[in-house]
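Trainee: Take this structure first; my questions come after.
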């Protein structure tokens, strides 16, 4: 079963909540974070992206950045911008976007469940990003951005959620992007603990690097007296936990029922056609795909890919069906990689190839057109979104989805509820 526990949240003053809570650190670059926080000294981006308060020449992964994050976080507490609940609670976090609602449980999950595959993954982490979040979490001694988890729907959890939402919320605001955020305190914790005893597995929807960092920090602290350096992705026996009840062995998460979630596509742009003129490139594509002229920018169904080239949208349907027994091979992003990117454009590793950009589905197909028209890309590919069922099936099989296969929307806000240890 999945282990969850309530916690004594460190959280914003209600009148400052909308100003303190920020977008996740990893959905904005330095310039975007700087612009968002420029006229807002309360923004948690001063903590999660502390490099915005340092000269642009400073490396964002330098020790100076983590020290600045800690100083800014400490200052927020000293100025009483953040308050702490005096007893542990669960929280219900509801988000609303364009008339769609999703209701999540904010709780702490145990690192052993991550290690034992009770919390399942579908993505490989990048060492540099994992190292960054580990150092940031270690500096703060806090999890300020939750891991986005999902689970198969459970009626008992839904019942507690509905009852809780009859109460007065702690927070209720609409962010600049139009997404509504509402938070309630759950007064009775035992019903949720009992309900989650029937939830055998959770799945990371978003936040693989946060989860991996939480585990690494726990390992570092568990071994803090042994002079043993814990390397990224180092395999350790589960017996290394000196005290599984220590607060650092729990990380912050929001758990959403799978049936409420919406996955948007993760689209692609390429910077060159591997030296081929567009007409030659189209000929090569036509050898592997049935090509339809003037196709819709958004594919109408799975198994179809839309390509924008030369101010025209083309519909691509693979001539050879993927392996029906391989859930990863059946993904449209896998078909695009194995059928076009690698054999035609020689893009062998989409994680590292600089000719390839990933564009979240929230930006729409107009952003793909804009990039091609202004010369930032030579071709763009619009995908049909993967499903939550595909994500869970791949995770259950112990397999890994290709990079940037899913874009979950709306994004969770950082610093609404902070877990310290």
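Trainee: Does the range 253-262 contain at least one residue that is at pLDDT below 95 and at negative phi?
Mentor: yes
Trainee: Something else now. Has the range 64-73 got any residue that is crowded, with 20+ Cβ neighbours inside 10 Å, over 21 Å from residue 169 (Cβ atoms) and in contact with a strand residue (DSSP E or B) (Cβ under 9 Å, 6 or more places away or on another chain)?
Mentor: yes
Trainee: Looking only at the range 272-290, count every residue that is crowded, with 16+ Cβ neighbours inside 10 Å and in contact with a strand residue (DSSP E or B) (Cβ under 8 Å, 6 or more places away or on another chain) and tell me the total.
Mentor: Number of matching residues: 6.
Results for (1) at pLDDT 95 or above; (2) surrounded by 14 or more Cβ atoms within 10 Å (Cβ to Cβ); (3) closer than 19 Å to residue 71 by Cβ, shown as yes or no for each residue.
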residue	(1), (2), (3)
20	yes, yes, yes
24	yes, yes, no
28	no, yes, no
36	yes, yes, no
39	no, no, no
45	yes, yes, yes
50	yes, yes, yes
53	yes, yes, yes
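Trainee: Looking at the range 151-185, which of its residues are outside any loop (DSSP other than H, G, I, E, B), surrounded by fewer than 16 Cβ atoms within 10 Å (Cβ to Cβ) and in contact with a strand residue (DSSP E or B) (Cβ under 8 Å, 6 or more places away or on another chain)?
Mentor: 158, 172, 174, 180
Trainee: Could you list, in sequence order, all residues of the range 364-377 that are out of contact with any strand residue (DSSP E or B) (no Cβ under 6 Å at 6 or more places or on another chain), touching a residue at least 60 places away in the same chain (Cβ under 8 Å) and assigned to a loop (DSSP other than H, G, I, E, B)?
Mentor: Of everything in the range 364-377, just one residue is out of contact with any strand residue (DSSP E or B) (no Cβ under 6 Å at 6 or more places or on another chain), touching a residue at least 60 places away in the same chain (Cβ under 8 Å) and assigned to a loop (DSSP other than H, G, I, E, B), namely 376.
Trainee: Taking the residues in the range 385-405 that are over 18 Å from residue 119 (Cα atoms) and in contact with a strand residue (DSSP E or B) (Cβ under 9 Å, 6 or more places away or on another chain) as candidates, determine which candidate is surrounded by the fewest Cβ atoms within 10 Å (Cβ to Cβ).
Mentor: 387
Trainee: If I filter the range 186-215 down to residues being closer than 20 Å to residue 93 by Cα, part of a loop (DSSP other than H, G, I, E, B) and touching a residue at least 60 places away in the same chain (Cβ under 8 Å), which single residue comes out as farthest from the chain's Cα centre (by Cα)?
Mentor: Only one residue tops the list, namely 187.
Trainee: Just name the residue that is surrounded by the fewest Cβ atoms within 10 Å (Cβ to Cβ) out of those in the range 338-359 that are under 21 Å from residue 206 (Cβ atoms) and modelled with pLDDT of 95 or more.
Mentor: The extreme case among them is 358.
Trainee: Tell me, which helices (runs of 4 or more DSSP H) lie completely within the range 58-143 with 1 or more residues that are modelled with pLDDT of 95 or more and within 23 Å of residue 243 (Cβ to Cβ)?
Mentor: It comes to 111-115, 127-140.
Trainee: Turning to a different aspect of this structure: Does residue 327 meet the test of being surrounded by 14 or more Cβ atoms within 10 Å (Cβ to Cβ) and at pLDDT below 95?
Mentor: So residue 327 fits the description; yes.
Trainee: Across the range 307-324, what is the number of residues that are out of contact with any strand residue (DSSP E or B) (no Cβ under 8 Å at 6 or more places or on another chain) and crowded, with 22+ Cβ neighbours inside 10 Å?
Mentor: Result for the range 307-324: 0.
Trainee: Another question, then. Anything in the range 48-62 that is free of Cβ contacts under 8 Å to residues at least 60 places away in the same chain, farther than 18 Å from residue 35 by Cα and in contact with a helix residue (DSSP H, G or I) (Cβ under 8 Å, 6 or more places away or on another chain)? List them, or say none.
Mentor: 59
Trainee: Within the range 342-363, track down each residue that is farther than 13 Å from residue 269 by Cα, assigned to a loop (DSSP other than H, G, I, E, B) and either in contact with a helix residue (DSSP H, G or I) (Cβ under 6 Å, 6 or more places away or on another chain) or without any contact (Cβ under 8 Å) to a residue 24 or more places away in the chain (or both).
Mentor: 348, 349, 352
Trainee: Taking the stated definitions as given, is residue 374 out of contact with any helix residue (DSSP H, G or I) (no Cβ under 9 Å at 6 or more places or on another chain) and more than 30 Å from residue 9 (Cα to Cα)?
Mentor: yes
The values are calculated or read from the model by the stated rules, or taken from the named source; none is laboratory data. Computed from a predicted model, the values in this text were never measured in an experiment. Neighbour counts are summed over all protein chains in view; Cβ atoms, including those assigned to glycine, are modelled from backbone coordinates with ideal geometry.
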